[in-house]
Amino acid sequence: MRKVIHRKLSPNFLRLSLVFLLAFTTVLSAQEGDPAKGKSLFNANCAACHKLDKKMTGPALRNVEARLSEEEGLDRAWLYAWIRNSSGVIKSGDAYANKIYNEYGGAAMTAFPQLSDDDINNLLAYTAEEKQAPVEAAAPVGGAETSDNSGGISNEIILGALAILFILLAAGLYLVNKTLRRFANVQGIDLPEGPGKTPLWKAFVQNQFLMIVVAIFFLLSSAYFVYGYLSQIGVDQGYQPVQPIHYSHKIHAGDNGIDCKYCHSSARVSKHSGIPSLNVCMNCHKSIYEVSPETATEEYSKEFYDGEIKKLYAAAGWDDAEQKYTGEAQPVKWVRIHNLPDFAYFNHSQHVTVAGVECQTCHGPVEEMEVMYQHAPLTMGWCINCHRETDVNVKDNAYYTKIHEELSKKYGVENLTAAQMGGLECGKCHY
Amino acid sequence: MKSLIKILVLAVVLVSVSCNKSTAPNYQFMPNMYESAGYETYGEAAFPNGVEAQIPAEGSIPRGFVPFDIENSTAGYDLAKATLSNPLDSTKVDLNRGKELYDIYCGICHGNKGNGQGNLVKREKILGIPSYDDAGRAINAGSIYHTIYYGKNAMGSYANQLNEEERWQVVSYVLKLKADLEK
């Protein structure tokens, strides 16, 4: 339903929001506290585990007070308590404290009972200071592991580079040898070639033992490569097709922090996560008709991004000048990336809602992907491994109270993995 | 020279194999076991418009559906504001679930506290988001439900992302945020 068209009123709104923003920033800077003193305290006590803008052992602390009060409704008193004795707060059963504690894999923060209220005010004033460098985008949301297997990749690159270097070296030696010989020939120098000596390769061929060893070596190594090749058939890890609209998860889910389920809303309740229909895009893009200059990168210009939004308008049948729908919609033909074979059954709501697994566990660092690709192999071994390792989330789930009791008696354990609950039965995944 | 070419070819093959991000899917072993004979979700299908995702036949309703008679207009909005009330009683209202849903769908614009300072507003992507305690709007359960169902001006409809019960949970949570803001 629409009464007024907002973009046409935007000067008013700009003014209004300026007032809002000013009011907001004054709230922020109205903290009593001396950032300079805070800085030295921070460097002395906290810098070991915290940075202002980067996650380390603990979370990034820039604007932590505003962030916590904004997102979690926690006030400064909570921060006093937390900084003086975080484990006390965790033990008291505070929900957010336990959440962040678990998010950081149970790394405990040191207690600082010696810090006075003033000290902490100074510290918070320091964390509330604006960043000096040119305005960088806010820290990425969602604590996804980024260091996943980058080590493996860089190792591979180094090994590959070494191999190529060796090949080049061998080729170089061979060439040098050849030209030298040619020189020698031209100058009429006789190269000493022992008449009685058999050439090396002939000696080699005649030595049967060596031949067998070499043959076995070649057979084994080619079997290794053939096996490797065969077992990656049908595995689409890394598949990254070109989509009809260059839609960037990095900009939406990363920089702007839009929740995955805002768009993939059926992940909560059904087998499929779903690709959002265009009316969901238009919830925002009625108002967002171009990207800001800061969004453009070297690789993708502002014109490129604006053109992509025009494509979205064309597909949704939205006339931006008139601010109304023309009715000539065109479905967007997104290329499907993750796709299990027909004989395997996978259900999102079981994993997302019941088990509480984060999207990033399976889909990788989506909030950093400019173009979406498949992060996990999606092989059976991958599913099974995780079922063996992951505990079932039985808390607050009445369905599990009885079965949990019986099964933990049967296996004699406290925490049940998905496998012990039957997650390895063929029929659960194959129909 | 010949061996040099061979070496180069080998090197090229090595490099191209080691870059595994590809724009084409991999080969499949026995594709007839992988590709469904039935229609796949979001796949192509032999319908007039060529897609599997069809709009339900006209007049069909999901189980447990309760019709919403109030229409999508200013008059409808006023009617909802005056007459509509929350069917969930206090035992069914679950503010934790309301918060969860609110943070997913609304917080990005309205802010998790409902003060109109969501992330998109702070980054100046979308402007003009009201705070729930805006006295001029004086929102109530009926008007919030109508706004979620049909949208209002620049705000779109959230009827397809939230089912009826979830919409009322969000309404209850918005009213709580409003009460907190007015404190």
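Using per-residue counts of other Cβ atoms within 10 Å, averaged over each peptide, order B:31-40, A:303-312 from highest down.
My ranking of the peptides, most packed first, is A:303-312, B:31-40.
Report, as an integer, the average count of C-beta atoms from other chains found within 10 Å of each Cβ along B:25-38.
Counting other chains' Cβ atoms within 10 Å and averaging over B:25-38 gives 4.
So who's got an amide H within less than 5 Å of the one on A:Y325, skipping anything under 5 residues away but keeping other chains? H placed 1.01 Å off N, in plane.
Amide H neighbours of A:Y325: A:D319.
Is there a simple number for the mean count of other chain Cβ atoms within 10 Å of the Cβ of residues in A:175-186, and what is it?
Counting Cβ atoms of other protein chains within 10 Å of each residue's Cβ and averaging gives 0.
Using only Cα atoms and rounding to the nearest 10 degrees, what angle (0 to 90) does helix B:95-105 make with the longest principal axis of chain B?
Once rounded, the angle reads 50 degrees.
Hey, rough spin-label estimate for B:N153 and A:S221, points 7 angstrom out along Cα→Cβ, what's it come to in nanometres?
If labels sit at B:N153 and A:S221, their model points lie 7.2 nm apart.
How well do other chains shield peptide A:339-345, expressed as the mean number of their Cβ atoms within 10 Å of each residue Cβ?
Mean inter-chain Cβ contacts per residue within 10 Å come to 4.
Got a sec? What order do A:R268, B:R123 fall in by accessible area at 1.4 Å, biggest, i.e. largest, first? Walk me through the numbers before you get to the answer.
On the way: A:R268 35, B:R123 70 Å².
Of A:R268, B:R123, the descending order of accessible area is B:R123, A:R268.
With all protein chains present, calculate the accessible area of A:S301 using a 1.4 Å probe and round the result to the nearest 10 Å².
Solvent-accessible area, nearest 10 Å²: 50 Å².
FRET efficiency for B:N163 and A:L230, Cβ-Cβ distance as r, R0 = 41 Å, nearest 0.05?
0.30
Kindly flag which residue pairs out of A:K99/A:K333; A:K37/B:K99; B:K99/B:K183; A:K131/B:K178 have an alpha-carbon separation exceeding 28 Å in this structure. Can you show the working numbers first?
On the way: A:K99/A:K333 39 Å; A:K37/B:K99 38 Å; B:K99/B:K183 19 Å; A:K131/B:K178 33 Å.
Check vs 28 Å cut-off fails for A:K99/A:K333; A:K37/B:K99; A:K131/B:K178.
May I ask you to list the chymotrypsin sites (Phe, Trp or Tyr not before Pro) in segment A:317-403 that are in a DSSP loop and have at most 15 other Cβ atoms within 10 Å of their Cβ? Walk me through the numbers before you get to the answer.
Numbers: sites: A:W318, A:Y325, A:W334, A:F343, A:Y345, A:F346, A:Y373, A:W382, A:Y399, A:Y400; in loops: A:W334, A:F343, A:Y345, A:F346, A:Y373.
In loop regions of segment A:317-403 (DSSP not H, G, I, E or B), the sparsely surrounded chymotrypsin sites (Phe, Trp or Tyr not before Pro) are A:W334, A:F343, A:Y345, A:F346.
Give the long-range amide H neighbours of B:S22: residues separated by 5 or more places, or on another chain, with amide H under 5 Å away, using H modelled in the peptide plane at 1.01 Å from N.
A:Y239, A:Q240
Quick one: if you stick a label point 7 Å off each Cα along the C-beta vector at A:R182 and A:E322, how many nm between them?
7.5 nm
Please list A:R62, A:R388 from largest to smallest accessible area, probe radius 1.4 Å, with all protein chains kept in place.
Per-residue accessible area, sorted high to low, gives A:R388, A:R62.
The values are calculated or read from the model by the stated rules, or taken from the named source; none is laboratory data. In this text the structure is predicted, and so the values were computed from the model without any measurement. Note: ideal-geometry Cβ built from the backbone for every residue, glycine included; neighbour counts use all protein chains shown. Areas reflect the complete protein model, heavy atoms only, side chains present, ligands, DNA and RNA absent. Shrake-Rupley method; radii C 1.70, N 1.55, O 1.52, S 1.80 Å.
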